[in-house]
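Asker: Just passing along the structure, written as structure tokens.
The values are calculated or read from the model by the stated rules, or taken from the named source; none is laboratory data. Quantities reported herein were computed from a predicted structural model and do not represent experimental measurements. Cβ placement follows ideal geometry from the backbone for every residue including glycine, while neighbour counts extend to all protein chains displayed.
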Amino acid sequence: MTDWNKIAFVFPGQGSQTVGMGKDLAEAYPVARQTFEEADSILGFRLSDLCWNGPVDDLNDTINTQPALYTSGMAILRVLQAELPGAAPAFVAGHSLGEFTALAAAGALSFPDGLRLVRERGRLMKEAGIKSPGAMATPLGLDADAVRELCARARQQTGGILVLANDNCPGQTVISGDDETIEAGMALAQEAGARKVVKLAVSIAAHSPLMEPAAVEFRQTLANTPFHAPQVTIYGNVTAAPLESVDAIRDELDRQLTQSVRWTESVQAMNAAGVETFVELGPGDVLCGLIKRINRDTKRIPLNSAEGVAQFITAG
């Protein structure tokens with residue numbers, strides 16, 4: 001018998017998308033197909049076709065990636081709720097964009113409202129990236145404190161912007177800033193002994209002050225969106241702590257665009273609260289890989305295919 005008190009559902013962010021995502025699930029489970037059809041109707045275009053058939057460049061455009069990942073995660077969740085009525089994790093969390101899926105999973109946000117929010121978030125982030133171009137990079141093998149220090153040194157060199165955007169797991173962080181300062185930061189990371197420094201294939205500086213124009217506009221959208229107190233404990237990216245009220249949720253989502261994703265601390269906090277198994281709902285298994293590096297003693301289950309979902313349902 002599954003002990004749901006020791007289970008957390010986690011939802012991935014951008015980078016996990018892939019052409020074909022959710023297609024086999026929609027073919028196997030009517031509720032998954034209905035979820036994609038509902039998203040198509042709300043958005044006014046065939047998001048389902050984009051998820052299942054591409055083209056990849058359009059799927060990778062942040063304005064489309066965000067609703068695609070949100071819908072895919074919710075489709076998996078709805079299948080579990082339909083097939084396993086007792087499937088009630090004690091905790092949920094999402095990485096960056098995935099935090100919106102987690103909020104919907106926790107009952108703090110309706111599916112349509114969440115979908116509109118992530119579509120608008122993607123639009124505003126894309127717009128901010130055009131107005132204030134930037135970049136992101138991963139200096140592998142350095143701890144978060146060392147990365148914060150090199151960001152500060154790079155800012156001193158250029159007078160620009162560079163911050164720790166994601167603390168994903170020990171030895172894997174992401175830095176984000178303007179083009180000149182990120183180049184300075186990448187050079188400093190090499191000097192500091194990074195195993196490798198990888199520039200990401202993005203043209204926006206997510207989770208940095210360069211997203212402030214997006215945050216200003218998004219604040220109004222958040223103010224007009226109805227939220228509810230979560231029915232499941234949800235850990236926030238910015239605080240790495242439970243979001244217990246509507247005000248806390250709005251504040252979190254407002255700050256999340258410009259501040260760091262504290263994923264390592266969020267997972268550690270869930271471990272301390274009793275979580276032993278993390279179930280990742282979405283394409284790929286990125287979060288399972290990160291969680292393994294945070295705590296190898298955890299059990300990690302990626303639900304990224306109809307076959308995997310069916311096995312989980314049978315076991316549950």
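Asker: Name the residue, out of 83, 99, that is closer than 28 Å to residue 154 by Cβ and in contact with a helix residue (DSSP H, G or I) (Cβ under 7 Å, 6 or more places away or on another chain).
Answerer: Residue meeting the stated conditions: 99.
Asker: Confirm whether residue 122 is of a type outside the set (A, V, I, L, M), closer than 20 Å to residue 95 by Cα and part of a helix (DSSP H, G or I).
Answerer: yes
Asker: Please enumerate the residues belonging to the range 82-95 that are touching a strand residue (DSSP E or B) at 6+ places or on another chain (Cβ under 6 Å) and part of a helix (DSSP H, G or I).
Answerer: Those that are touching a strand residue (DSSP E or B) at 6+ places or on another chain (Cβ under 6 Å) and part of a helix (DSSP H, G or I): none in the range 82-95.
Asker: Within the range 24-65, which residues are of a type in the set (S, T, N, Q) and over 21 Å from the mean Cα position of the chain (by Cα)? It would help to see each step written out before you state the result.
Answerer: Going residue by residue through the range 24-65, those that are of a type in the set (S, T, N, Q) are 34-35, 41, 48, 53, 60, 62, 64-65.
Of everything in the range 24-65, those that are of a type in the set (S, T, N, Q) and over 21 Å from the mean Cα position of the chain (by Cα) turn out to be 34, 41, 53.
Asker: Going through 213, 242, 226 one at a time, which residue ends up being under 22 Å from residue 298 (Cβ atoms) and surrounded by fewer than 22 Cβ atoms within 10 Å (Cβ to Cβ)?
Answerer: The match here is 242.
Asker: A further question follows. Can you tell me which residues in the range 4-54 are more than 15 Å from residue 73 (Cα to Cα) and in contact (Cβ under 8 Å) with a residue 24 or more places away in the chain?
Answerer: 4, 5, 6, 7, 27, 28, 42, 43, 53, 54, listed by residue number.
Asker: Before we move on, is residue 111 in contact with a Lys or Arg (Cβ under 9 Å, 6 or more places away or on another chain), surrounded by fewer than 24 Cβ atoms within 10 Å (Cβ to Cβ) and closer than 30 Å to residue 316 by Cβ?
Answerer: yes
Asker: Could I ask something else about it? Exactly one condition in (1) over 20 Å from residue 286 (Cβ atoms); (2) in contact with a strand residue (DSSP E or B) (Cβ under 8 Å, 6 or more places away or on another chain); (3) of a type in the set (Val, Ile, Thr) is false for residue 79; which is it?
Answerer: Looking at each condition in turn, residue 79 falls short on (2).
Asker: Considering only the range 119-161, how many residues are without any contact (Cβ under 8 Å) to a residue 40 or more places away in the chain and buried (at least 21 other Cβ atoms within 10 Å of the Cβ)?
Answerer: Summing the residues that are without any contact (Cβ under 8 Å) to a residue 40 or more places away in the chain and buried (at least 21 other Cβ atoms within 10 Å of the Cβ) in the range 119-161 gives 2.
Asker: Here is a list of conditions, (1) small (Gly, Ala, Ser); (2) closer than 27 Å to residue 231 by Cα; (3) surrounded by fewer than 16 Cβ atoms within 10 Å (Cβ to Cβ), and residue 32 meets all of them except one; can you say which number that is?
Answerer: Unmet for residue 32, out of (1) small (Gly, Ala, Ser); (2) closer than 27 Å to residue 231 by Cα; (3) surrounded by fewer than 16 Cβ atoms within 10 Å (Cβ to Cβ): (3).
Asker: Let me ask something else about it. Could you check how many residues of the range 8-23 are at pLDDT 95 or above and either basic (Lys, Arg) or surrounded by fewer than 21 Cβ atoms within 10 Å (Cβ to Cβ) (or both)?
Answerer: 4
Asker: Take the range 22-76 and flag every residue that is out of contact with any strand residue (DSSP E or B) (no Cβ under 9 Å at 6 or more places or on another chain), of a type in the set (Val, Ile, Thr) and closer than 23 Å to residue 109 by Cα.
Answerer: 31, 35, 42, 62, 63, 65, 71
Asker: Is there any pair linking a residue in the range 231-249 that is assigned by TED's automatic domain parsing to the domain that holds residue 95 to one that is among the β-branched types (Val, Ile, Thr), with Cβ under 6 Å and at least six apart or on different chains, and which?
Answerer: Taking only residues 6 or more apart or on different chains, the pairs are 232/92; 234/92; 237/261; 242/233; 243/234; 243/249.
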